[in-house]
Amino acid sequence: MSEEKRTIMPPPPGPPPETKKKKKKKFDDFDDIPQSKYNRAARPGGMRRGGPPGGGMRRGGPPGMRMPGEKVKDFKGTLKRVLKYMAAFKWQLAIVTFMCICTSVASVFSPKVQGYAVNVLYYGESTGEWQYNLLTKWLLILGVIYVMNSLFAFIQQWTSIGVSQNIVRIFRRDIDDKLSRLPLKYYDSNTHGEILSRVTNDVDNVSNTLQQSITQIISSAITLIGVLVMMLSISVWLTLITLCTLPLYLLVIYIIAPRSQRYFVGQQRALGDINGHIEEMFTGQKIVKAYNHEKDSIDEFEEINNRYYKYSRRAQVISGLIMPATRFIGNLGYVLMCVVGGLFVSGGRILLGDMSAFLTYVRQFSQPINQTSNIANVIQSTLASAERIFEILDEVEEVPDADGSKDLVRASDSKNANGHTVLEGAVKFDHIEFGYSPEKILMKDLSIDVKPGQTIAVVGPTGAGKTTLVNLLMRFYDVSKGAIRIDGVDIREMTRESLRSIFGMVLQDTWLFNGSIRDNIAYGRPDATDKEIVDAAVAARADHFIRTLPEGYDTVLNEEGSNVSQGQKQLLTIARAFLADPAILILDEATSSVDTRTEILIQKAMEELMKGRTSFVIAHRLSTIRDADMILVMNQGSIIETGTHTELLAQNGFYADLYNSQFTGRDLDEAG
Amino acid sequence: MKIIFSKLKPYLPLVFITIVCLFTSVMCDLYLPTLMSNIVNQGISTGNTSLILSLGAEMLGISLLSMAASICTNYLSSKAAMGFGRDLRAATFRKITSYSLHEVDKIGTASLITRNTNDVIQIQMVIMMGMRMMVDMPLHLIGGLIYALRIDLELSVILLIAVPVLACIILLNLKFTTPLFRLMQTKMDNLNRVMREKLSGVRVIRAFNAVDREKKRFNDTNYDLTQNALRANRRMAIMHPATMMVMNASVIAVLGFGAMRIESGGMMSGDVMAYLQYLMQILGSVMMANMMIMMIPRAIVSMRRVAEVLNMESELNDPEVPKIPEEGVRGSVSFENVSFAYPGAEEPVLKNISFETRPGETTAIIGATGSGKSTLVNLIPRFYDTTSGTIRVDGLDIRDMAQEDLRNRIGYVPQKALLFTGTISENIRYGKSDATDEEVRKAAEIAQAAEFIEKMPDGYDSILSQDATNVSGGQKQRISIARALARQPEIYIFDDSFSALDFKTDAMLREALKPVTQNSTVIIVAQRVATVMSADRIIVLDDGEMVGYGTHAELLNSCEVYREIVSSQLSEEEIA
C-alpha cells in the first residue's frame, strides 16, 4: 500500500540559507510557520497516538510524496546494525542483487537489439531486400531477453519480499523479547502509544524500504551505468548531448524541492492541529454544547482549516512543478536526439536502429535520476525509524536474578492437609528507602512487620500510591536501601518467578485478555483442569453470571471487555486469584464503578479469598479499615503513617483527618 | 454520495479548465512520436536537413506547450482538490458540531473523528488523483489508440489481443490479491491488539509469570501476519513481470508484422517506430488503470462514511420562536412523568420520573451503575429529548426554549473531567468568557483548585496538554468544577463529579459550595452516601425507576435499596 509513497521526491530537507530569505519576500506570510498547538506535527512514521489502526492515515501530500524525515543521530552506527540484521539473509540478498543486475542489464540491452531489428526494417524498406532470417534472429534474441527479464524480475521480487518480511518479523520478535526483559520503569516512563508506534510504524517503515528501495538503488545504479555504456557504444556525440540535460534535472530538483519543503512542514503542522482540534472537540462535545461554545469551536476550526488549505495548496503547486519540468527536460533530450540523430542518420554516421535505440535510452536515462533523487530522504527516514527500534533494544534490562537465588516452592504445589500453603506469608519491610528517582525519595527508613495471615488496610487519597506498594512487593522496582523480606528471605535473593507466584493481585483496573473466560481464569495456572476452574469461579461467586452468558465459560471477552460489566470482571480476577492460590494477596476494594449488588458479591468473595492469607487491601470501606490488623496510610506515593485504627486516631494526624472528613464536613474544623 | 459531489460544484469550472489543460498536454505528448516518425520518414530518408530542423523546432514547441499545460493542470487541480477538501472538511465539522448527543452516540465519537480527518483526506486525495490521473489515463488510452489506428489499422490487431490479456491479468490480480491485503489489515490489527494488551497488562503478566506464554502468543500472531504478508506481496510480485511480458510480446509482434506491412508497402519504418511508442503509452495507461482501481474501493468506503455524516440531520432543534422565562424566576427544575429510552433500545432507561427542585435546594441522585442517574441529568441541558413527559426549567418546557438560553442557565460538571488544550485560566473561562481574573481565582478557590494551581510554575497560565497529563484526575475534576462555578449559573449539575476526589477534598468542596449555591438549584449524582447524606432530598434510582424520594433519615426508614447502599458503605454507628 505504500509503493507510491516513495517514487518522487523532495531531496534533503534543511533550512534554506539565510541569504536566500530576501528573495522570497513574496511568501512572507508563510515565513513563520506557526508552532502546532497540539504539539504533534505529524512524523513520517504515521500518525502518533492510537490513530487509526494499520496506517489508514495518509499524509496530505501528493501520492508520491514522502514527508521530510527527521535526522538520524548516529547514521553510521545505525546503518551498521541494520546491515547486521540483513547479514542473516546474505544468500537471499546475493540472489536479489544478482537478479537485479540481470534485469537491469537485460533492460539495457533490449533497446539495442530492438534497434538491430529496426535496422533490418529500414534496410528492407530502403533497399527492398528483406532479410527475414536476420529479423527472426533478432526478434528471437529479443524474446529470450524479455522472458529472462521477466523471470529474473519475478525471482528478485519473490526473494526480496521474503527477506524484508522476515527481517521485519525478526525486528518485531526482538522488540517483544526485549520488552519482556525490560523493567517496569520503562513501561511507566514511556506511553503505550509511543512503544506501539515503534513496533508498527517504524518497523513498517524499515520493511518498505528494504522491500523497495534497496533493489531500486541497485537497479538505478546499474541502469544508469549500463545505459551510459550502451549510448557511448552507439555514439559518443549523441551521448554527450544527452548528458547535457543532466545538470538541468539536478537544477530543477534542487531549486524546487527545498522550496516546497517549508510548505510541507507547515501543512503537516496544520494537519496535526486539525486532527487535534477535531479530536478534542468531538470528545468534549458534551462540554462544548453545555457551555454554548459551538461557534467558537467552528471559528477556530475554520482558521486552522484555511491555514491547512493555504499550505497544502502551495506545497502541491510547487512540488507539482517538478513533474512537468523534468518531463520537459526529458522531451528536450528526446527532441535533440530526433534532430541530431536524424541528421546523423541521414549523414550516414549512424543507422536508424541506433537512433531508435537511443531514443529509448534517453527515456531510460531520466528514470533513475528521478527515482534516486528521493533516496536520500528515504534512507534518512528509514534509519531514523531503525534508530528508534534500536533505542528500545538498547534499553537497560531488569537486573537478572542473583546467582544462587532461592526458588521458593510454588504455593499450589505444596498444600498441606488444611489446604493452606507451607509458605507462611510473613512480610517485613526492613528499613527501606525508595523513590522513583534519586531526587525524590518517597519512603525513608520505613519498617513494617506483617505477620502471616494478617490483613493490612492501605488507605489514602486516590492515586496515593497503591501502585508503589505493588511495585515494591512484587519487585517490579527495587528498594534503594534496606530490604523487603518474605518469611525472612530478602526478595532479591529469590527468583522473580517464585516471588511472583507467592502473590495474587485483584486490582480494580482488571486486566483480562482477549480470550475465553476459561483461559482468563486459568491465566495463573494454564494446566488447571476444568473442575478446578469451575471451583475457582464458584468460590469467587462468578460461576452464576458466567453460566448466564450464552457461551458460558467459552465466552470470549471482546477487546473492550464490554460484554461483561466492570464488577463481573473483578469477580473473574478473583477467580483467577483463587485458582493461582497465592500466599499473599494484594486487593483493591470495589468502588464507584460497580453496582451495589455486585459489590456485595465481590466483598464476600474477597473475604473468602483472604482467609488464611496475608492480605494487603486497598480499602475504601470503613469497616475493612477498622478491622484491619494494620493500616498503612499513604499519600503521594509514600507511607506516612502506620498503626491500627485506634492508634492512628489517637495520633490525630493525616488518618484522623481523613476519617473525620467522611462525615459530610461537619467535623471540618477539626480536620482542617 | 451525491452530497459529496455537490461540494465539488463550486470547483466545476476549475475542474473543467483542468481537464482542458490536461487534454492539451496529453495531446502534445502523443503528437511527439508522430513528428518523430515524420523526421524518420521524410527527413532522414531524403536527407532533408532543413526539414529535420524545422520538425525538431516544432517538437520543441509542442514540448513547451505540454509543459505549460501540465503546470496549469497542476496549479488548477491543486486549487480545486484542496479547496474541495477544505470545504468538505468544514461542512463535516459543522454538521457534527450541530449533532445532539443522540446522533453522536449513533455513529460513535471515535468514528466521527476518523471520518472528519482521515476519510476526508482520503477523498481529497482521490479527487486530486482523479483529476490528474483518471482523466490523464483514458486520454492517453484513447489518444494513443487513435494515433495507432491512424498509422496502421491492420497492425492494431495486436492491440486487440494485448489489451484484453492485460485486462485479464489485472482482474485476476484484483480477485486474488486484494482480499489478501484486506486480510492483512485484520492481522495487523491483531498484532497491535496483542501488543497493546501486553503493554497495559505488564504487571499482571509478570505477576502470573506468564511472560513466556505471552511471548509465544505474540510470536504466533507475528508469524501469522508475516505469512500473510508474504503471500499477498508475492502474488503481487507476479503482476509486474506478467504485464511486462505482455508489453514486450507486443513489441516483438509489432516489429515482426511491421516488417511484413512495410514490405507490402502499407507502412514505413518511421511509422513502426512511432507505433511502438504509442503501444507503450496505451499499455502503460492500462497498467495505471490497475493502480487506480485498487484505490477506488477505499475511497468509496470513505465517501460513504462521510456522506452518512452529512446526510444525517439533528433531530433536536430549537423552536421557531423560542420562549424566554419570566424575569425573576431563577433556577427551578421540574420533571413531570419523564420517561426516556435510547433509540433502538427495548427497555426505557428512565421510567416515570417526577420531582421538583427550587433555588437554594440540593437534590441528590443515587443508585447502582446503569440505573439511569447520568441519563437523568443529561436530559436537563437537553442533550437528549425525553421519550415522554416534560422537563421544565424556570417554569418553561425546555423544548420551547432556545438551547443556547437553556444551557446558559446551567453549570454542568460531567463525570469524566473534560478539559481542553490551553491554559488553566482559559479552561475556567470556558464557562464565562468575560470572567475577570478575580472571578477565575474565586471559582478555583471554591473548587479547591486554587492551592495546587498556584503551586504550579506558571500558576493560572500553566498550559494543560492535550490529555491534560500534567495534572492528576482529581485536579482535572476540580478545574472542571471551577469552570462551572465561573459561570455562576442558576442550576448546577454535578454528574458524579466528586468521586475522583479524596474524602477530605470532597467534604471541603461541598462545604465551600454551600454559600455560593444559596440561590441556585444543585443536582448531584453520587455514588458515595457521604456525599448525598446532607441533601435536601435524595432520589434513589433502581433500574430507571424512582424507588425512593426523601431525606437521608426518611429513606433509611422507607427505602430498602437505599438501606442496602448505605450499609455497604457505612458501618452501623455511622448510619445512625
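The values are calculated or read from the model by the stated rules, or taken from the named source; none is laboratory data. Source: prediction; values computed, not measured. When we count neighbours, we look across all protein chains shown, and the Cβ atoms used for this are built from the backbone with ideal geometry, even at glycine.
Residues to consider are B:G61, B:G56; find the one that is at the interface with chain A (Cβ under 8 Å from one of its Cβ atoms), part of a helix (DSSP H, G or I) and not polar (S, T, N, Q). Even if it seems obvious, please write down each step before you answer.
On the way: B:G61 fails: at the interface with chain A (Cβ under 8 Å from one of its Cβ atoms).
So the residue among B:G61, B:G56 that is at the interface with chain A (Cβ under 8 Å from one of its Cβ atoms), part of a helix (DSSP H, G or I) and not polar (S, T, N, Q) is B:G56.
Please name all residue pairs, on different chains or six or more residues apart, with Cβ atoms under 6 Å, provided the first residue is in the range A:150-177 and is of a type in the set (D, E) and the second residue is buried (at least 21 other Cβ atoms within 10 Å of the Cβ) and part of a helix (DSSP H, G or I).
Cβ pairs passing all conditions: A:D176/B:F218.
If we only count helices (runs of 4 or more DSSP H) wholly inside the range A:234-338, which ones have 3 or more residues that are over 31 Å from the mean Cα position of the chain (by Cα) and more than 30 Å from A:F365 (Cα to Cα)?
A:285-290, A:294-319
Which residues, taken from the range A:310-320, are surrounded by fewer than 21 Cβ atoms within 10 Å (Cβ to Cβ) and facing chain B (nearest Cβ under 7 Å)?
Answer for the range A:310-320, where residues must be surrounded by fewer than 21 Cβ atoms within 10 Å (Cβ to Cβ) and facing chain B (nearest Cβ under 7 Å): just A:V317.
For B:G265, all conditions in the list (1) without any contact (Cβ under 8 Å) to a residue 60 or more places away in the chain; (2) on the phi < 0 side of the Ramachandran plot hold save one; what is the number of the exception?
So B:G265 meets the others, but not (2).
If the Cβ limit is 6 Å and pairs must be 6+ apart or interchain, which residue in the range B:303-319 that is farther than 26 Å from B:T386 by Cβ pairs with which residue that is exposed (fewer than 15 other Cβ atoms within 10 Å of the Cβ)?
Correct list of pairs: B:M303/B:M1; B:A307/B:M1.
Return the residues of the range B:301-352 that are modelled with pLDDT under 85, exposed (fewer than 14 other Cβ atoms within 10 Å of the Cβ) and within 22 Å of B:I96 (Cβ to Cβ); say none if nothing qualifies.
B:V301, B:E315, B:N317, B:P343, B:G344
Considering only the range A:600-649, give the strands (runs of 3 or more DSSP E) lying wholly within it that have at least 1 residues that are crowded, with 19+ Cβ neighbours inside 10 Å and among the hydroxyl-bearing types (S, T, Y).
A:614-618, A:638-643
Inside the range B:72-112, can you point out the residues that are touching a Pro at 6+ places or on another chain (Cβ under 7 Å) and within 9 Å of chain A (Cβ to nearest Cβ)?
Result: B:N74, single match.
Grab the helices (runs of 4 or more DSSP H) fully contained in the range B:148-264, keeping just those with 2 or more residues being more than 9 Å from chain A (Cβ to nearest Cβ), under 30 Å from B:L35 (Cβ atoms) and not polar (S, T, N, Q).
Helices (runs of 4 or more DSSP H) meeting the threshold: B:157-200, B:211-263.
Kindly list, by first and then second residue, each pair from a residue in the range B:490-514 that is more than 9 Å from chain A (Cβ to nearest Cβ) to a residue that is buried (at least 22 other Cβ atoms within 10 Å of the Cβ) and modelled with pLDDT under 80, limited to pairs with Cβ atoms under 6 Å and residues at least 6 apart or on different chains.
Partner pairs satisfying both residue conditions: B:E490/B:G331; B:I491/B:G331; B:F498/B:D506; B:F498/B:T531.
Any residue at all in the range B:212-219 that is hydrophobic (A, V, I, L, M, F, W, C), crowded, with 19+ Cβ neighbours inside 10 Å and closer than 30 Å to A:G504 by Cα?
yes
Which members of the range B:93-113 meet the condition of being touching a residue at least 24 places away in the same chain (Cβ under 8 Å) and crowded, with 23+ Cβ neighbours inside 10 Å?
B:I96, B:L112
Provide a single number: the residues in the range A:286-296 that are at the interface with chain B (Cβ under 7 Å from one of its Cβ atoms) and in contact with an Asp or Glu (Cβ under 9 Å, 6 or more places away or on another chain).
Counting residues in the range A:286-296 that are at the interface with chain B (Cβ under 7 Å from one of its Cβ atoms) and in contact with an Asp or Glu (Cβ under 9 Å, 6 or more places away or on another chain) gives 2.
With respect to the numbered conditions (1) small (G, A, S); (2) closer than 21 Å to B:S371 by Cβ; (3) surrounded by fewer than 24 Cβ atoms within 10 Å (Cβ to Cβ), which one is the sole condition not fulfilled by B:S520?
(2)
Any idea how many residues of the range B:392-421 are assigned to a strand (DSSP E or B) and surrounded by fewer than 21 Cβ atoms within 10 Å (Cβ to Cβ)?
So the answer is 3.
If you take just the helices (runs of 4 or more DSSP H) that sit entirely in the range B:424-539, which of them hold at least 2 residues that are within 27 Å of A:K295 (Cβ to Cβ)?
B:424-429, B:437-446, B:473-486
Of the residues A:G284, A:G272, only one is out of contact with any helix residue (DSSP H, G or I) (no Cβ under 8 Å at 6 or more places or on another chain) and closer than 28 Å to B:I380 by Cβ; which? I'd like the intermediate steps shown before the answer.
Numbers: A:G272 fails: closer than 28 Å to B:I380 by Cβ.
None of the other options fit; the residue is A:G284.
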